[in-house]
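Reading through the structure tokens given below for one structure.
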Amino acid sequence: MIIEDNFRQEFYNKIKKGDKSVVLIVSVDTDALCTTMILTHLLRCDDIPFSILAVEGWSSVEKIFADSQEQKCHYILINCGATRSLTRLQIPPASIAFVIDSHRPFHIENVYENGQIHLLANPSEMSELQIPDLESVIREDSDDEEDSDEDEDQEYISYEQRMEKIRRKAIKREEMQIWERQRRTILWRYYESTWFSSPSCVTLLEMAAEMNRVSAETMWFTAVGLNSAMADKLISIEMYTQICVDRMRPFVHRFMPKNIVNQGKVDDLLHITFGRELPLALYSHWDLFSAMMVSEYFSIKTKNWTQKGDVNIRHLLAQLGITLHETKQKFEALPTEQRNLVVDVLEKEMDSSFATFFGTLGYCGKLSACDVARAVTLRLEMPKSETIMNRFRSGQSILRSSITGERQDRLNLNNTFTSICQRTLQVSWKTVAAAINQSEIIPNGPYYLFSCSRSIDEDMVDSRHFLYNTAGFMIRAFASMKKGRTTKPLIAMFPLTGESAGWLVVTGVMPIATIYEDSLLKTCIGRAFERVKKMTPPLRIVDDYFNSDIIRLKSEDRTRFIDFLQTVFEGTSN
């Protein structure tokens with residue numbers, strides 16, 4: 001069942017007035033974390049007890065349901081649960097599940113289950129979902145009962161009556177076969193592509209506003225969650241901008257400083273502003289040269305993975321009028337006027353109109369929501385040696401530290417920027433550079449294939465942020481080297497190490513031409529993986545991720561997987 005509007009009445013008030021315990025099942029991603037922070041704030045305001053269970057895959061959700069079959073709960077699934085049938089996952093019979101998930105499309109059984117499952121969706125996206133009619137995909141037939149009754153009456157009817165019943169049965173069978181064929185076609189079109197809607201935290205912020213419980217903190221959580229979706233390449237810059245303009249503007253006006261002159265008198269308050277920013281990851285916490293070296297834009301422009309790359313980037317800096325001395329020292333160490341001048345020059349070079357949210361608290365300095373989003377995301381995803389809940393709590397701590405004035409909190413945040421975030425960007429660039437220099441990206445019929453020959457830190461390989469950003473960077477860099485490379489998708493394989501040695505993480509990215517045309521960033525990669533898994537002989541594939549375009553594959557099955565995937569893509573294009 002889909003709840004399209006009035007979330008306060010149809011969702012929150014039912015939890016508030018219900019007699020069931022509240023359990024939050026939360027995916028370990030930044031949007032889900034920010035959504036949880038807003039929702040738990042509301043629950044605490046109404047003295048509603050709750051528990052939080054962090055999950056990383058479908059098996060974890062299924063285990064939670066299996067272990068609580070006798071309990072009566074209000075389950076709130078955040079960024080998980082929408083794309084697979086919760087009924088088949090055996091949601092406890094006396095419980096109700098509310099699903100706040102940005103993954104699309106919804107599983108059709110969740111849509112038409114009217115008792116236990118409630119999906120929250122924005123009314124504006126219903127036309128894009130194109131949910132099939134109930135009668136076209138779900139059919140209740142009483143043929144079996146009629147057949148049994150007819151069998152009992154066979155000896156009492158005439159030959160003509162018997163033949164008439166046989167004819168009617170044949171017609172019904174033929175009608176059922178036609179219906180089944182049409183149903184498969186309808187469901188194929190419905191499930192053909194996957195994409196992401198607006199982040200869940202934006203929906204919760206709007207609901208909190210209806211309840212007059214919005215604060216600068218909840219606004220900041222939403223800003224970080226929204227930026228994380230863009231940084232992970234889940235939503236396009238067009239969707240990001242549209243959400244900022246259409247849905248976030250009222251909150252920006254509410255929490256930005258009212259009087260610049262008197263800011264010093266209220267420096268203990270959190271102020272949020274919205275303004276232009278360089279789309280250059282972490283440059284304000286790094287030196288410009290290093291940030292530009294690993295930037296997708298500057299790396300592709302200067303081809304800095306080639307022998308002439310270093311010369312090219314120095315030549316570019318000379319053209320822009322920026323000295324090496326300015327780029328080699330820490331950006332924050334530059335005088336204010338010099339910083340502003342450099343930013344203006346780079347902004348014009350990148351032809352960027354990107355804007356983001358900034359949080360300012362007293363004299364602690366201004367923080368970009370985009371940078372904080374990267375830090376929270378990577379802390380949630382690594383190291384895998386820590387338990388899920390420990391990483392979840394650490395992500396919460398990093399998020400809170402961005403809006404507190406405590407010196408130790410800021411030091412922890414800065415340490416995350418310099419240790420985890422910068423290292424991830426460097427490894428991503430090195431992976432792309434090696435793939436192109438060593439010609440590791442090869443054409444394989446309808447798609448390009450990259451099979452990483454080097455061992456990368458398992459934590460990083462298992463990170464959605466790393467996988468999506470590296471694959472997206474790689475296909476653009478590969479296309480920049482030669483014309484005619486914009487019409488095929490890229491499939492990327494990374495070997496796992498440690499306890500997971502012998503397995504590959506496989507993901508994919510759509511053709512560049514498709515990415516530029518589609519503002520929703522729809523992908524059919526997950527659907528292709530699903531079809532390969534169903535082929536015989538069966539391959540050892542684990543599809544436990546909430547994102548269907550990320551799977552694990554046994555290394556020994558690599559060759560057959562490549563061949564089967566080629567067959568699937570060729571069949572789709574025909």
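Every number here is computed from the coordinates shown, using simple stated rules; none is lab data. This is a predicted model, so every value here is computed, not measured. Positions of Cβ are generated from backbone atoms using ideal geometry, with glycine treated the same way; all protein chains shown enter the neighbour counts.
How many residues does the range 181-195 hold that are under 16 Å from residue 138 (Cβ atoms) and charged (D, E, K, R)?
So the answer is 3.
Residues checked against (1) closer than 19 Å to residue 221 by Cβ; (2) among the aliphatic types (A, V, I, L, M); (3) under 20 Å from the mean Cα position of the chain (by Cα):
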residue	(1), (2), (3)
6	no, no, no
10	no, no, no
14	no, no, no
18	no, no, no
21	no, no, no
28	yes, yes, yes
40	yes, no, no
46	yes, no, no
49	no, no, no
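Sort out which residues of the range 364-409 are closer than 22 Å to residue 286 by Cβ and among the aromatic types (Phe, Trp, Tyr), and write them in order of number.
Correct list: empty.
Residue-by-condition table, conditions (1) under 23 Å from residue 524 (Cβ atoms); (2) polar (S, T, N, Q):
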position: 434; (1), (2): no, no
position: 457; (1), (2): no, no
position: 467; (1), (2): yes, no
position: 478; (1), (2): yes, no
position: 487; (1), (2): yes, yes
position: 492; (1), (2): yes, no
position: 496; (1), (2): no, no
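If you go through the range 557-574 one residue at a time, how many are free of Cβ contacts under 8 Å to residues at least 12 places away in the same chain and aliphatic (A, V, I, L, M)?
Adding up the residues that qualify gives 0.
Just one of 531, 540, 527 is closer than 26 Å to residue 125 by Cα, in contact with a helix residue (DSSP H, G or I) (Cβ under 7 Å, 6 or more places away or on another chain) and of a type in the set (Lys, Arg); which is it? Write out each step before concluding.
Details: 531 fails: closer than 26 Å to residue 125 by Cα; 540 fails: closer than 26 Å to residue 125 by Cα.
On inspection, the qualifying residue turns out to be 527.
Looking only at the range 371-391, decide whether some residue is of a type in the set (Lys, Arg), surrounded by 17 or more Cβ atoms within 10 Å (Cβ to Cβ) and either under 30 Å from residue 319 (Cβ atoms) or out of contact with any helix residue (DSSP H, G or I) (no Cβ under 9 Å at 6 or more places or on another chain) (or both). Please lay out each step first, then the result.
Going residue by residue through the range 371-391, those that are of a type in the set (Lys, Arg) are 374, 379, 384, 391.
Imposing the further condition that a residue be surrounded by 17 or more Cβ atoms within 10 Å (Cβ to Cβ) reduces the set to 374, 379, 384, 391.
If we keep only those that are either under 30 Å from residue 319 (Cβ atoms) or out of contact with any helix residue (DSSP H, G or I) (no Cβ under 9 Å at 6 or more places or on another chain) (or both) too, we end up with 374.
Checked against the condition, which is being of a type in the set (Lys, Arg), surrounded by 17 or more Cβ atoms within 10 Å (Cβ to Cβ) and either under 30 Å from residue 319 (Cβ atoms) or out of contact with any helix residue (DSSP H, G or I) (no Cβ under 9 Å at 6 or more places or on another chain) (or both), the range 371-391 yields at least one hit.
Mind checking which residues of the range 456-496 are in a strand (DSSP E or B) and either free of Cβ contacts under 8 Å to residues at least 60 places away in the same chain or not hydrophobic (A, V, I, L, M, F, W, C) (or both)?
Once the filter is applied, which keeps residues that are in a strand (DSSP E or B) and either free of Cβ contacts under 8 Å to residues at least 60 places away in the same chain or not hydrophobic (A, V, I, L, M, F, W, C) (or both), the range 456-496 yields 490, 492, 494, 495.
Say whether the condition of being touching a residue at least 24 places away in the same chain (Cβ under 8 Å), among the aliphatic types (A, V, I, L, M), over 26 Å from residue 469 (Cα atoms) and in contact with an Asp or Glu (Cβ under 7 Å, 6 or more places away or on another chain) is met by at least one residue in the range 542-556.
No, because not a single residue in the range 542-556 is touching a residue at least 24 places away in the same chain (Cβ under 8 Å), among the aliphatic types (A, V, I, L, M), over 26 Å from residue 469 (Cα atoms) and in contact with an Asp or Glu (Cβ under 7 Å, 6 or more places away or on another chain).
Can you tell me how many residues in the range 397-416 are in contact (Cβ under 8 Å) with a residue 40 or more places away in the chain, surrounded by fewer than 19 Cβ atoms within 10 Å (Cβ to Cβ) and not hydroxyl-bearing (Ser, Thr, Tyr)?
Looking only at that region, the number is 3.
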